[in-house]
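What follows is a short report on a single structure.
The values are calculated or read from the model by the stated rules, or taken from the named source; none is laboratory data. The structure displayed is predicted, hence computed values, not measured ones. When we count neighbours, we look across all protein chains shown, and the Cβ atoms used for this are built from the backbone with ideal geometry, even at glycine. Each accessible area value is taken on the protein alone, full model and side chains, heavy atoms only, with ligands, DNA and RNA left out. Shrake-Rupley method; radii C 1.70, N 1.55, O 1.52, S 1.80 Å.
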Amino acid sequence: MSHVELKFTSRSKDRRLLPQVILRMLRLSCLRGLDWHVTSWTILQSTMREINPLSHHLPKATFPSCRSLKKIHMSHIRTSAQGFPPQHCRLPWLLGEQRAFYSQGSSKTPKLGSTAGIKLRTRLVVMLLFGGGIIGTWWYVYQEKQQKIQMQRMEQLRKVAVGQGDFSLLDHTGQRRTKRDFLGRWVLLYFGFTHCPDICPDELDKLTNVVHTLDKDPSLPPVQPLFITVDPERDDVAAMAKYVKDFHPRLIGLTGTAEEVKQAGRDYRVYASAGPKDEDGDYIVDHTIIIYLVNPDGLFLDYYNRMKNDAQISESIRNHVKNYVKLFPD
């Protein structure tokens, strides 16, 4: 290891010399190891002896005492002896290393919260897709089953005798009407008579409420209400025209001869029997109290007795209309 030789003359009176020497010694101590510290300390001692006569020309605060310098160099020596550069020399390196570390690590280190959020969203998407697939499959199987049941019921209705006949009656305007006139429309059919004291008006009121309720749903086709008399002897065209005015405006009253009315009732398995007459010639007709639902194919589809209210009937008809499958091509 080479040594540095610095020469100073005792005759020099330059006050700037001493600070430069001290700064040079400190710089050398930062750049070298233990050998440099020992050499620097030796040179410093010899220099201080040479410039000692000049010390009384300099202020006391210009440079530290030899004791303080010795403490500073001893701390440098201990640090260098451990294999590390002095503290004040390492600080810039450490700051640079830390800045480099954070600048490199900030772009590579993932955030824990964002990673957990991505995993949670992925699981939710997978669960939704899986659940949606199960629900879609179940709904498809359910619809297929309902259509199959509907087709089976239609086939059964075609085999039964209910509503299979083609009636021919007069409406309340005197016009001849047959069953074919109402094909392609949903029909609510009720059998009764105009002299009925309470049951027939109640049932026709309920039928009117059902039609009004269904008319409020624009997705449903209009339902045609029909009223066929079971008392053709008293319910002529004029009586029917007067009677139907008290109910739904689309209600059509149908009447005819005793044989025509009897044939229409027979097609729908309607029971009707006139009771004995009183002194005024008035009598009561005992008959089946049922509202029939007929689909656009002219087939009897469902019926509603007195236990069904208008809300239940409306909901049932709505379901029938939505699940309707046309059987006969045009």
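Need pairs with beta-carbon distance below 6 Å; first residue over 13 Å from Asn209 (Cβ atoms) and within the stretch 244-259, second open to solvent by less than 30 Å² (accessible area, probe 1.4 Å) and among the polar types (S, T, N, Q); sequence gap 6+ or separate chains.
Thr255/Thr229
Out of everything in the stretch 283-295 that is part of a loop (DSSP other than H, G, I, E, B) and open to solvent by 20 Å² or more (accessible area, probe 1.4 Å), what residue ends up being farthest from Tyr190 (Cα to Cα)?
Ile284
Looking for something open to solvent by 50 Å² or more (accessible area, probe 1.4 Å), over 18 Å from Asn209 (Cα atoms) and in a loop (DSSP other than H, G, I, E, B) - is there at least one such residue anywhere in the stretch 316-324?
yes
Hey, could you check the stretch 185-218 for residues that are surrounded by 14 or more Cβ atoms within 10 Å (Cβ to Cβ) and assigned to a loop (DSSP other than H, G, I, E, B) and say which is nearest to the chain's Cα centre (by Cα)?
Per the stated criteria, the residue is Arg185.
Looking only at the stretch 296-315, filter to residues that are among the hydrophobic types (A, V, I, L, M, F, W, C) and assigned to a loop (DSSP other than H, G, I, E, B); which one of those is nearest to Leu183 (Cα to Cα)?
The residue in question is Leu299.
Could you say which residue among Asp282, Asp267, Asp217 is out of contact with any strand residue (DSSP E or B) (no Cβ under 7 Å at 6 or more places or on another chain), in contact (Cβ under 8 Å) with a residue 60 or more places away in the chain, closer than 19 Å to Lys179 by Cβ and not aliphatic (A, V, I, L, M)?
Only one candidate passes the filter, namely Asp267.
Restricting the search to the stretch 219-265, which residues are in contact with a Phe, Trp or Tyr (Cβ under 8 Å, 6 or more places away or on another chain), open to solvent by less than 40 Å² (accessible area, probe 1.4 Å) and either at pLDDT below 95 or of a type in the set (A, V, I, L, M) (or both)?
Val223, Leu226, Ile228, Val230, Met240, Val244, Leu251, Ile252, Leu254, Ala264, Gly265
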